[in-house]
């Protein structure tokens, strides 16, 4: 690429190529982190005109059921007068708008806090949820009352570190640049000490991913739950048991593309390791309520009944409502790949669906 990107800055591909030429390959984690920082800063990536669609944009039912889940737990915890709704990476504010509307009908009217770094998305969120307060990260969230936290498709965009078993031992997977393009390469520094002992003798070519950012977020949330009270939902695509292999992928204009082409111009993601994050949450002092498939969780919360009620109220939309319900719940669409992990404070009740 040549010329400026849509943000008016030098294309990240040019920056990376120069950096690699001067200092050698960069880590997958640096590549993914800087690419996504550039990508999200300059655009609203959601919807038909963007690069991907998330569950709240598919149907109001998704946000409504989350709002009712939070309200039910809040009521059974004694309905504390002051409570904070916190959303990490709230997209267009659609999930929060739907969740808060449903929760409000159950008597829950929390203070609203968004953790969002993108100026472009903050502007859209302000239109949808004007009463929200914005934060660059979790550190400035209030600590005076319980939190009800939601993170939908937030963890998957945090940069992963990849380690690969080479013939001579474990090395970090890096990104090199040659013949005008980027490609994964194997680093030269031994890194066996960073690999769990039971994996150290894995066959050559084995790749493991870790996500320090996701672990840090879940640890912070767990510690806040332990000290402030409350509950949290993490919804994302990922695996409930540890797996090996690279899951790095890129989406642009609703199509999978090569993650090593045009960094900063596509959404880079990786599957979330919910098994490791459950351990992190417990170590941080939270109760792990469970991790289950999104489809099963939504059905347990009553999505079928909600879809039927919406269809009765708007018969002309019945087919679209059924399509949306199926997209959220069926195993061959979002129902199985997407997982829901629930956390709660010690002393708070269990949540529905787990």
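Whether any residue in the range 279-288 is under 30 Å from residue 174 (Cα atoms), out of contact with any helix residue (DSSP H, G or I) (no Cβ under 7 Å at 6 or more places or on another chain), modelled with pLDDT of 95 or more and surrounded by fewer than 16 Cβ atoms within 10 Å (Cβ to Cβ) is what I want to check.
yes
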task = Quick one: residue 266 ticks every box in (1) at pLDDT 95 or above; (2) under 25 Å from residue 161 (Cα atoms) except a single one, so which number is it?
result = (1)
query = Looking only at residues in the range 323-345 that are in contact with a strand residue (DSSP E or B) (Cβ under 6 Å, 6 or more places away or on another chain) and surrounded by fewer than 19 Cβ atoms within 10 Å (Cβ to Cβ), which one is farthest from residue 298 (Cα to Cα)?
reply = 337
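Here is a check on your reading of the model: is residue 235 in contact (Cβ under 8 Å) with a residue 60 or more places away in the chain, outside any strand (DSSP E or B) and more than 30 Å from residue 21 (Cβ to Cβ)?
no
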query = Among the listed residues 48, 71, which satisfies the condition of being part of a helix (DSSP H, G or I) and either modelled with pLDDT of 85 or more or surrounded by fewer than 17 Cβ atoms within 10 Å (Cβ to Cβ) (or both)?
reply = 71
query = Taking into account only those residues within the range 106-125 that are touching a residue at least 12 places away in the same chain (Cβ under 8 Å) and over 20 Å from the mean Cα position of the chain (by Cα), which is surrounded by the fewest Cβ atoms within 10 Å (Cβ to Cβ)?
reply = 107
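The values are calculated or read from the model by the stated rules, or taken from the named source; none is laboratory data. These numbers were taken from a predicted model, which means no experiment stands behind them. Glycine also receives a Cβ, built like all others from the backbone with ideal geometry; neighbour counts cover every protein chain displayed.
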